[in-house]
Amino acid sequence: MAMPMESPITFTNVGKTKWWQRGLFASQTGYVLLALAVLLLVMHFASPYFFTQGNMQNVAKNFSFIAIATLGVTFVIITGGIDLSIGSMMCFSAMITSMVMTELSMPGSPAGSLFVHMASDGKTVLANVPGLILLVSVFAGLGAALIVGLVNGFCIAVLGLSPFVTTLGMLSIVRGLGYVVSNGRGSFPGGPDADYFYAATSGDVFGVPAPFIYLVMLALAMAVVLHHTSFGRHVFALGGNEKAAELTGIPVVRVKIEVYVICALAAGLQGIIISGWLGSAPANMATSYELNVIAAAVIGGANLAGGIGGPLGAIVGCVLLEVIRNGLVLAQVSSYWQQTLVGVIIILAVLVDRIRSRVS
């Protein structure tokens, strides 16, 4: 009896994929970009003020206020995790930065006296060095974010706690610490470097908002890290299959801790920038911002199951949310509809991705 032969491997289907399964449209980001283009076209005809220079600057600045944090949480989502403490971390870093800046500018305070007495010649006062107080204050705020990120990463990667539960608890812990250190009151950046602070956080360069410039730089850095470094490959490997990644020798614990640190630092930087725009760091600042940040990442194509995500999708998701918000304002529609539309868009984005996956 003749043995049945195995079918030879053929390549007849290679190159026959549909247009919606190739290139940019192989991911959810492509469809969101298409939806954004349609929305921009609608807004062009709906309001003559939408594409004015002033409004475009507002759009660029406003979506940048959540986009940097969205880049950070995208790292976490790619690994299959989540971070719900983003909003609290924004507030806490901003408050620490403002309080340190004010404290170091007061020679009579303990910290201010110590800072002044650091001068080696007894005459030069370090507090008078332009930008030095600002630099120290920003590092203090980011240092607070770093500690929170390390705690999140340790609890999740080493102790094996659930990312959802851990970061939900950290949301309350950090928010509570913010109220404790400020006694429930807001803090205002002060001292000789206050003007530098406002210029760096809410100023512009040749008409381009500073937050947007920071966003572009960080997005490019994220693209390089994710797609051209071993760390980026490890991040995607964790999201694809953590057990398999561990068996191949990938340092799972270290990578997990690092992504939560990156997320916390991005949130801290975002909070510092927002406080410059507000002119203060109120104790209730960035409340529920984690919902907008995570929503933008998911809308842009980051998969909560892990393994998928990137800077382009994060930015596109943020832009889409801001265009909707801006459009509602110009159309004089109640802002309360924004959250409703965001929820609808999240569900539609996931639905389109599911349909695309089934037909591919």
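The values are calculated or read from the model by the stated rules, or taken from the named source; none is laboratory data. The structure presented is a predicted model; accordingly, all values stated were derived computationally and were not measured. Every residue, glycine as well, gets a Cβ built from its backbone with ideal geometry; the counts of neighbours run over all protein chains shown. To get the accessible areas, we keep the full protein, side chains included, count just its heavy atoms, and leave off ligands, DNA and RNA. Shrake-Rupley method; radii C 1.70, N 1.55, O 1.52, S 1.80 Å.
Below is a table of values for the structure above.
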quantity: Of all residues in the stretch 315-331 being within 26 Å of LEU220 (Cα to Cα), of a type in the set (Val, Ile, Thr) and in contact with a Ser or Thr (Cβ under 8 Å, 6 or more places away or on another chain), the one that is least open to solvent (accessible area, probe 1.4 Å); calculated: VAL316
quantity: The stretch 287-305, residues that are over 13 Å from the mean Cα position of the chain (by Cα) and closer than 30 Å to LEU159 by Cβ; calculated: THR287, SER288, ASN303, LEU304, ALA305
quantity: Qualifying position, being of a type in the set (Lys, Arg) and either within 12 Å of the chain's Cα centre (by Cα) or under 30 Å from PHE51 (Cβ atoms) (or both), among ARG233, ARG325; calculated: ARG325
quantity: Meets criteria (out of contact with any Ser or Thr (no Cβ under 6 Å at 6 or more places or on another chain), farther than 18 Å from PHE212 by Cα, part of a helix (DSSP H, G or I) and open to solvent by less than 10 Å² (accessible area, probe 1.4 Å)) for ALA267; calculated: no
quantity: Flag for VAL293 being of a type in the set (Val, Ile, Thr) and either at positive phi or buried (at least 23 other Cβ atoms within 10 Å of the Cβ) (or both); calculated: yes
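Yes/no per residue for (1) at pLDDT below 90; (2) part of a loop (DSSP other than H, G, I, E, B); (3) buried (at least 19 other Cβ atoms within 10 Å of the Cβ):
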residue	(1), (2), (3)
MET285	no, yes, yes
GLY301	yes, yes, yes
LEU304	yes, yes, no
LEU312	no, no, yes
VAL333	yes, yes, no
GLN338	yes, no, no
ILE345	yes, no, yes
VAL352	yes, no, no
ARG358	yes, no, no
